[in-house]
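Take a look at the structure set out below.
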Amino acid sequence: MGSNCFLRQEATSEIISNVTDFCSECYETIRPSQVIFYDMSNYRFICDTCQESIDKCLDKDCESLNRKNSLLFD
Ligand SMILES: [Zn+2]
């Protein structure tokens, strides 16, 4: 299963020291060479666990299904 909404990459020391050293979703510490994902719709890095759970709530256009539903019933 692959998602177009996230860019899979390995955490380098550059990312950790220049961008972020924790997951933007669960705030877990990111360690060097850990697999992380760049969330292209929210411009943030998240861990693989969060990527998996968030991916289930996105449609193919990377839009949140929850958000879409709440708009429908607004
Ligand atoms: Zn996380």
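Computed from the coordinates by the stated procedures, all read-outs in this text should not be read as laboratory data. Since the structure is predicted, the reported quantities are computational estimates derived from the model, not experimental observations. Don't worry about glycine lacking a Cβ; one is built from the backbone with ideal geometry, like all the others, and counts go over all protein chains shown.
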The base-10 log of I(q)/I(0) that the Debye equation returns for the chain at q = 0.16, 0.17, 0.28 Å⁻¹, one scatterer per C-alpha, is -0.57, -0.62, -1.29
A correct fewest-to-most ranking of Cys47, Cys26, Cys62 by other Cβ atoms within 10 Å would be Cys26, Cys62, Cys47
Nearest-5 percent of antiparallel DSSP beta bridges in the chain? 100 percent
Spin-label model distance (nm) - Arg31 vs Leu7, 7 Å beyond Cα toward Cβ: 2.5 nm
Express the relative contact order of the chain as a whole percentage, based on alpha carbon pairs under 8 Å and six or more residues apart in sequence. 29 percent
